[in-house]
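Here is the structure we will look at, set down as structure tokens.
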Amino acid sequence: MRRFALTAIVLASSLTSTLALSNDKVLNLYSARHYQSDEAMYAKFTETTGIKINRVDADDAGIVARLKAEGSASPADVIVLVDATRMASADAQGLFKPMKSAKLDAAIPAHLRATPTKDGVTWTGFSTRARVVVFDPARVKAADVATYEQLADPKLKGLLCTRSGSHPYNLSLFATTVERLGEAKGEAWLKGMVSNMARAPKGGDTDQVRAVASGECGVALTNTYYVARLMRSDKPEDRATMAKVQVVFPNQASSGTHVNIAGAAIAQHVKNTAHAVAFMEFLASPFAQDYFANGNNEFPAAKGVKVDNPALKTMGGDTFKADTIALGVVSKNLTKVQQMLDRVGYR
């Protein structure tokens, strides 16, 4: 924490100095994404518009903490966070300013954005990732994990592995599933998953994939970009891991596979509104969408942008049916889902 605080002070000082020198052609971006492909994307924005990007990098929690500490004095114009749960939480804390943009309305499907109000939309998804099932074909049949609901089936007892139930990646899936199933069935589903656990939830998504490959688990949940990274890796051990598992996009015959987002919002105390809107619209452009897909193995969020990533295509990621339930429901269901997790013992 001390190291983060010192870094934040240095960054804040640097940012303030830059603002003093040139306030007219600057966009102040607080970002929880740290990928080289994003660097090239930001450089293209500057080249195209002449607007320099001053970026503060931190994890999602660090960005939220900084925004709250800075209050109305914050220089932030645009906030980039990962996961609808984190976007919804920051929104609920009053950190985002609603915006209206005909370009974004046309480019990004409504279910990948916050629920609109009379003042506009507070956050928008710009890339997506699917929450898929990875399984060991030597122990589990694909037909037995064709839906999320089947993860609670007693026939999978002792086979299921996940990361923490309270991790945002799982919370977003659970919140949308509870919305679809209803509270009673949703809680029963979570309880059934707990009963099927091979071990207590731990680790990240990549750890779940490796646990299936090693035989510790038979079934696991993961986001697609983790699978794609392993598939595209130059490391023999990563390729060996993927050779032992198979991937299912759940609920293809019904509601579709859950997708989550990396998203952006205009900061509540934005100083350069025009630049912020221009940047948000740029993120929905075909150029930026291609960088999301190929640079970090994500799916484009904008309509009509095709996937050109070999790993995603191999998984079937260019043709799968995605759940279109509005991610705006995540915010209204977060508290009740967390209470359900506590009641059923999903750690």
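The values are calculated or read from the model by the stated rules, or taken from the named source; none is laboratory data. As the structure is a computational prediction, the values presented were derived from the model and not from experiment. Glycine gets a Cβ as well: all are built from the backbone with ideal geometry, and neighbour counts include every protein chain shown.
One residue alone among Ala240, Ala265 is among the aliphatic types (A, V, I, L, M) and buried (at least 20 other Cβ atoms within 10 Å of the Cβ), and that residue is Ala265.
Scan region 211-237 for residues that are without any contact (Cβ under 8 Å) to a residue 60 or more places away in the chain, crowded, with 21+ Cβ neighbours inside 10 Å and not aliphatic (A, V, I, L, M) and the total you get is 0.
Looking for something under 15 Å from Gly125 (Cα atoms) and at pLDDT 95 or above - is there at least one such residue anywhere in region 41-53?
The initial filter retains those residues of region 41-53 that are under 15 Å from Gly125 (Cα atoms), namely none.
Within region 41-53, not a single residue is under 15 Å from Gly125 (Cα atoms) and at pLDDT 95 or above.
Residue count for region 70-86, restricted to those that are surrounded by fewer than 24 Cβ atoms within 10 Å (Cβ to Cβ) and among the small types (Gly, Ala, Ser): 4.
Just to be sure before I move on: is Asp238 under 30 Å from Asp308 (Cα atoms) and in a loop (DSSP other than H, G, I, E, B) in the structure I sent? For Asp238, the condition - under 30 Å from Asp308 (Cα atoms) and in a loop (DSSP other than H, G, I, E, B) - is not met.
Look at (1) surrounded by fewer than 22 Cβ atoms within 10 Å (Cβ to Cβ); (2) farther than 30 Å from Ser89 by Cα and you find that Gln150 fails only one, number (2). Selection of first residues in region 298-311 that are in contact (Cβ under 8 Å) with a residue 40 or more places away in the chain and of a type outside the set (Ser, Thr, Tyr) and of second residues that are in a strand (DSSP E or B) and surrounded by fewer than 20 Cβ atoms within 10 Å (Cβ to Cβ), restricted to Cβ pairs under 7 Å at least 6 apart or on distinct chains, gives an empty result. Is there a residue in region 131-151 that is modelled with pLDDT under 95 and in contact with a strand residue (DSSP E or B) (Cβ under 7 Å, 6 or more places away or on another chain)? No, the conditions are met nowhere in region 131-151. Taken together, Lys313, Lys271 contain a single residue that is over 19 Å from the mean Cα position of the chain (by Cα), basic (Lys, Arg) and either surrounded by 17 or more Cβ atoms within 10 Å (Cβ to Cβ) or farther than 17 Å from Ile79 by Cβ (or both), which is Lys313. Pairing residues of region 175-190 that are touching a residue at least 60 places away in the same chain (Cβ under 8 Å) with residues that are assigned to a helix (DSSP H, G or I) and of a type in the set (Phe, Trp, Tyr), at Cβ distances under 9 Å and at least 6 apart in sequence or on separate chains, gives Thr177/Trp189; Val178/Trp189; Gly186/Phe174; Leu190/Phe174. Screening Ala61, Ala65, Ala73 for residues that are touching a residue at least 24 places away in the same chain (Cβ under 8 Å) and aliphatic (A, V, I, L, M) leaves exactly one candidate, Ala73.
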